[in-house]
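**Q** One structure, pasted below without further comment.
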Amino acid sequence: MRRVDSIMQRVYEERKQSRRVTAWKGNCVKTVIVYNSVFGNTEQIARHIADAIPGTVKLVKVGKASPQEISGADMLVVGSPTVGGRATRPMQEFLDNLPKGIVGKVSLAAFDTRISMKFAQIFGYAAPCMAEALKQKGCAVKLPPEGFIVKRRNGPLADGELERASAWGKTVSRGASRRMGPPGE
Ligand SMILES: Cc1cc2nc3c(=O)[nH]c(=O)nc-3n(C[C@H](O)[C@H](O)[C@H](O)COP(=O)(O)O)c2cc1C
């Protein structure tokens, strides 16, 4: 049984690595997903979204992402846990530091994770904040911001949220269209 587990883990790791693209290639839609995650729930959502998007997908955690990562992408997807009604500080700083010249050329979709308690609504959620911040910089927001529910602060995700993430990833890919630029761009 343990051997089966380790094989499954290896297959999972290899699959994970295959989503990590270092250079854009070909003419397919190019998507970059930048996410943050403290307890791992947003990361799980981000991976399911990545797996559902056809074409070339870069999946990057926010601390490792640079603005250049987005340069040349057609679609930018950002995802963060909701903390105090907003995105996490590293995600906010990353978005603040993105040059208009880069983000003005991409389409955007934003998601967050959140708890479903009524009081949390008062503070708002991360995804609308991120979408608004990037819209101000010229991003074309292609989809309404989306939220995925965690049962408690540290998770787990509510039932059905991973499946919903996959479905949302497919919707994202339909919203993305290849950026037409000069040859070689
Ligand atoms: C300090 C803190 C503040 C939080 N504030 C909110 C909030 O305002 N609204 C909300 O819906 N969830 C809030 N949460 C719950 C987080 O959204 C939840 O921890 C997150 O979705 C888990 O994602 P992760 O596993 O990727 O870190 C908060 C959690 C922490 C730890």
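We did not get these values from a lab; they are worked out from the coordinates using the rules stated. Since the structure is predicted, the reported quantities are computational estimates derived from the model, not experimental observations. All Cβ positions, even for glycine, are placed from backbone atoms using ideal geometry, and neighbour counts span all protein chains on display.
**Q** How many lysine pairs are close in the stretch 27-175, with Cα atoms under 16 Å apart and the two 8 or more places apart or on different chains?
**A** Counting lysine pairs in the stretch 27-175 gives 12.
**Q** Which residues' amide hydrogens lie under 5 Å from the amide hydrogen of L59, considering only partners 5 or more residues apart or on another chain, with H built in the peptide plane?
**A** Amide H neighbours of L59, under 5 Å, 5+ apart: V21, I33.
**Q** Continuing with the same structure: Just to confirm the filter: which chymotrypsin sites (Phe, Trp or Tyr not before Pro) across the stretch 90-121 are DSSP coil and have at most 14 other Cβ within 10 angstrom of their Cβ?
**A** On the way: sites: F94, F111, F119; in loops: F119.
Hits after loop and neighbour filter: F119.
**Q** Have a look at the DSSP beta bridges in the stretch 27-175 and tell me what percent are antiparallel, nearest 5.
**A** Numbers: 2 of 27 bridges.
The antiparallel fraction comes to roughly 5 percent.
**Q** In the stretch 24-131, what is the volume of the convex hull around the alpha carbon atoms, normalised per residue and reported in Å³? Working shown, then result.
**A** Details: hull volume 10.2 nm³, N = 108.
So the per-residue Cα hull volume is 94 Å³.
**Q** Would you work out the relative contact order for the stretch 32-156, in percent, from Cα pairs under 8 angstrom that are 6 or more residues apart?
**A** Details: 239 pairs, mean separation 34.1, N = 125.
Over the stretch 32-156, the number comes to 27 percent.
**Q** Can you tell me the order of 153-164, 131-142, 38-49, 77-88 when each peptide is scored by its average per-residue count of other Cβ atoms within 10 angstrom, highest first?
**A** Values: 153-164: 14.3, 131-142: 17.5, 38-49: 21.9, 77-88: 23.4.
Per-residue mean Cβ counts within 10 Å order the peptides as 77-88, 38-49, 131-142, 153-164.
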